[in-house]
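Visitor: Encoded as structure tokens, here's the structure I'll be asking about.
The values are calculated or read from the model by the stated rules, or taken from the named source; none is laboratory data. Since we're looking at a predicted model, the values are computed, not measured. Using ideal geometry, Cβ is built from the backbone for each residue, glycine included, and neighbour counts are taken over all protein chains shown. The protein model used for the area step is the full one, side chains on, heavy atoms only, and it has no ligands, DNA or RNA in it. Shrake-Rupley method; radii C 1.70, N 1.55, O 1.52, S 1.80 Å.
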Amino acid sequence: YHAKRNNSGVEVYDPAHHSRNAARLSLLTELRAAVERDELVLYYQPKFALRDGLGLHVEALVRWVHPLRGFIPPMDFIPFAEQTGYIKTITLWVMNSAIRQCALWQRAGLDIHVALNISARDLLQPELPVIFRRMLDEHGCAARLITLEITESAVLDDPRHALSNLERLRATGCMLSIDDYGTGYSSLSYVRQMPVQEMKIDRSFVMNLCSRPGDEIIVRSTIELAHDMGLMVTAEGVETEDVLQRLGQLGCDFAQGYLISKPVSASDLELWMSSSRWAPVLMKA
Ligand code: C2E
Ligand code: MG
Ligand code: MG
Ligand code: MG
């Protein structure tokens, strides 16, 4: 248990502290069990190519289906996993599952590009690029179909190691993307050094694009900046036709958000492909 010192230097038991630590410990225990019991699932959220509507790109987003508590969103366990270091195990699970699914679709004749999220902590793991490459080979998945999304602040703690790992990941042939662009504190000099191919504008700037002039200035200049650096641009959090249309006028490449589709299971994604007005016309290979 946890004890705290009182003024006399004698340790006294602190029940509040104890229960918080107990809760954290049980969450970690449950999270470990979740991976072993296969309680994590990936949902997939498609993007829409604003220029021609062609090609299918999805982002894999993890969910925890808890036997008692039901559906747990990533924000309720990913930050915790990041703090405890358990994120490494979760990331390997996510990577393996996303690559396996991508390879399955590929074998079914569907060229679906799959993006997955990795955390800052993962980038400091020197073995990651080798493990990633091995997973691609094991599942027979083309590297060009996989994108790794990283937040800009992921390189801040240890830029040298993070950047060298990014280079090694990129060398496998996958794509790299900067997630939630605009929310971090990093300077453009880091972004410029990152070997990325895409920038995703955070939804906080996109949601009110048509009603807040300040947001439009940010989105417009970010699209220009990204294009000048040779990057593709995705706008997150597109919920209305107005915003979609404006993004098209601003030259944005992809739109992602509830207007196109919420994140859905792999089988529901296949339904979406055959029924949504936003789905590309897929040609069987
Ligand atoms: P993210 O990578 O920026 O993912 C986008 C989040 O915004 C998703 O939330 C998605 O459901 C939500 N979203 C998409 N379109 C809209 C929209 O039109 N309106 C609104 N209000 N929200 C929208 P989700 O799935 O809850 O994930 C939250 C965050 O958790 C992700 O943000 C990502 O940072 C993290 N995350 C999710 N899966 C993973 C994972 O497998 N590994 C890691 N390391 N982080 C993950
Ligand atoms: Mg993401
Ligand atoms: Mg994002
Ligand atoms: Mg986000």
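Visitor: Out of the stretch 233-245, which residues are under 16 Å from the mean Cα position of the chain (by Cα) and open to solvent by 10 Å² or more (accessible area, probe 1.4 Å)?
Guide: Residues satisfying the conditions are Glu236, Gly237.
Visitor: Anything in the stretch 144-190 that is among the β-branched types (Val, Ile, Thr), within 16 Å of Asp122 (Cα to Cα) and out of contact with any Asp or Glu (no Cβ under 9 Å at 6 or more places or on another chain)? List them, or say none.
Guide: Listed by number, the list holds a single entry, Val155.
Visitor: Within 16 Å of ligand 3 (Cβ to nearest atom) and surrounded by 15 or more Cβ atoms within 10 Å (Cβ to Cβ) - does that describe any residue in the stretch 124-143?
Guide: no
Visitor: Return only the number of the condition from (1) assigned to a helix (DSSP H, G or I); (2) of a type in the set (Gly, Ala, Ser); (3) within 12 Å of ligand 2 (Cβ to nearest atom) that Ser177 does not satisfy.
Guide: Going through (1) assigned to a helix (DSSP H, G or I); (2) of a type in the set (Gly, Ala, Ser); (3) within 12 Å of ligand 2 (Cβ to nearest atom) one by one, Ser177 breaks only (1).
Visitor: Tally the residues that are within 16 Å of ligand 4 (Cβ to nearest atom) and either surrounded by 17 or more Cβ atoms within 10 Å (Cβ to Cβ) or in a strand (DSSP E or B) (or both), restricting the search to the stretch 144-174.
Guide: Of the residues in that region, 7 qualify.
Visitor: Tell me which residues, restricted to the stretch 246-285, are in a loop (DSSP other than H, G, I, E, B), surrounded by 15 or more Cβ atoms within 10 Å (Cβ to Cβ) and of a type in the set (S, T, N, Q).
Guide: Hit for the stretch 246-285 is Ser261, nothing else.
Visitor: Restricting the stretch 53-95 to residues that are basic (Lys, Arg) and not in a helix (DSSP H, G or I), which is surrounded by the fewest Cβ atoms within 10 Å (Cβ to Cβ)?
Guide: Here the residue is Arg69.
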